[in-house]
Amino acid sequence: IKEREWIKNSNQYVTLYERWDLFIPFIEKGLNLLHKDGVMSLIIKKSYNTAKYAEKSKKHIFDNHHFQQIDLFKNIKDLFDAAVENTIITVKKTKSKQKTKRILHIDSFENTIDLPATDNLKEMFAINPPMDLGKRLKNSELLGNIC
């Protein structure tokens, strides 16, 4: 708790959001330490893909740097024998117009599928493409609005 308070009060990090995980300032610090065209790869928890607290971090990278590659994992929890699913992000400090390469590893690190490259932040961390339900849900109420 003291470490989190020190990090928060240092005013060094622009990507801290909600109940952020310690790897959020770690990612930002790594980017700040890179040279102009430097590249870093990090193995991080899969929660980065969907957690609300990671939104600022992903947007900051998307707006100011470049996600070169994102490795997503399905049914693999033993990269570090920690029973936690992971994601690998490779980020270049310099902004680029290239699309982000996305690789899905299924059941083993070697079993891969190339997912469509994208320049859309919402699609970068998704394993499955978003479903367009069009008019079929036009008169429906979202469960989140009810509960």
>> Can you compute 3J(HN,Hα) from phi for each residue in segment 90-98, using the Karplus curve 6.51 cos²θ - 1.76 cosθ + 1.60 with θ = phi - 60°, rounded to whole Hz and x for Gly and Pro?
In response: 10, 10, 9, 5, 7, 5, 9, 8, 5
> How much net charge surrounds residue 19 when only other residues with a Cβ under 15 Å from its Cβ are counted (Lys, Arg +1; Asp, Glu -1)?
Replying inline: 0
>> With every protein chain left in place and a probe of 1.4 Å, what is the accessible surface of residue 90, to the nearest 10 Å²?
In response: 20
> Ignoring ligands, DNA and RNA, how do 113, 106 rank by accessible area with a 1.4 Å probe, largest first?
Replying inline: 113, 106
>> For the chain, set up a GNM with springs between Cα atoms under 10 Å and report which of 73, 62, 26 has the largest fluctuation.
In response: 26
> Can you give the charge dipole size of the chain about its Cα centre, rounded to the nearest 20 debye, using +1 on the beta carbon of Lys and Arg and -1 on the beta carbon of Asp and Glu?
Replying inline: 560
>> Using a Förster radius of 22 Å, what is the FRET efficiency between residue 26 and residue 114 based on their Cβ-Cβ separation? Nearest 0.05, please.
In response: 0.20
>> I'd like the FRET efficiency for residue 107 and residue 40, computed as 1/(1 + (r/R0)^6) with the beta carbon distance as r and R0 of 35 Å, rounded to 0.05.
In response: 0.80
> Relative contact order of the chain: what whole-number percent is it, with Cα pairs under 8 angstrom and at least 6 residues apart?
Replying inline: 20
> Taking residue 99 as the anchor, which aspartates and glutamates have their alpha carbon closer than 12 Å to its alpha carbon, excluding any fewer than eight residues away along the same chain?
Replying inline: 119, 123
> Comparing 93, 52, 101, which has the greatest mean-square fluctuation in the GNM of the chain with Cα pairs linked when under 10 Å apart?
Replying inline: 52
>> Under the rule of at least 5 residues apart or a separate chain, name every residue whose amide H is placed under 5 Å from the amide H of residue 85.
In response: 46
>> Helix-only estimate, please: 222 nm mean residue ellipticity of the chain, summing -39500 (n - 2.57) across DSSP H runs of length 4 or more and dividing by its residues, to the nearest 500.
In response: -6500 deg cm²/dmol
> If you average the sequence gap of Cα pairs under 8 Å that are 6 or more apart and divide by the length of segment 14-55, what percent do you get for the contact order?
Replying inline: 56
> So what is the relative contact order for segment 1-76, in percent, with contacts set as C-alpha pairs under 8 Å and at least six apart?
Replying inline: 32
>> Which of rounded, prolate or oblate describes segment 22-108 when judged by the alpha-carbon gyration tensor and an a/c cut-off of 1.5?
In response: prolate
> Residues with amide H under 5 Å of residue 38's amide H, sequence separation 5 or more or different chain, H placed in the peptide plane at 1.01 Å from N; which?
Replying inline: 93, 94
> Pick the calculated Rg and Dmax of the Cα atoms in Å for this structure from (1) 17.1, 52; (2) 14.9, 47; (3) 18.5, 62?
Replying inline: (1)
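The values are calculated or read from the model by the stated rules, or taken from the named source; none is laboratory data. Keep in mind that this is a model prediction, so the values were computed, not measured. Every residue, glycine among them, receives a Cβ derived from its backbone with ideal geometry; neighbour counts consider all protein chains shown. In case anyone asks, the SASA skips ligands and DNA or RNA and just uses the protein heavy atoms, side chains included. Shrake-Rupley method; radii C 1.70, N 1.55, O 1.52, S 1.80 Å.
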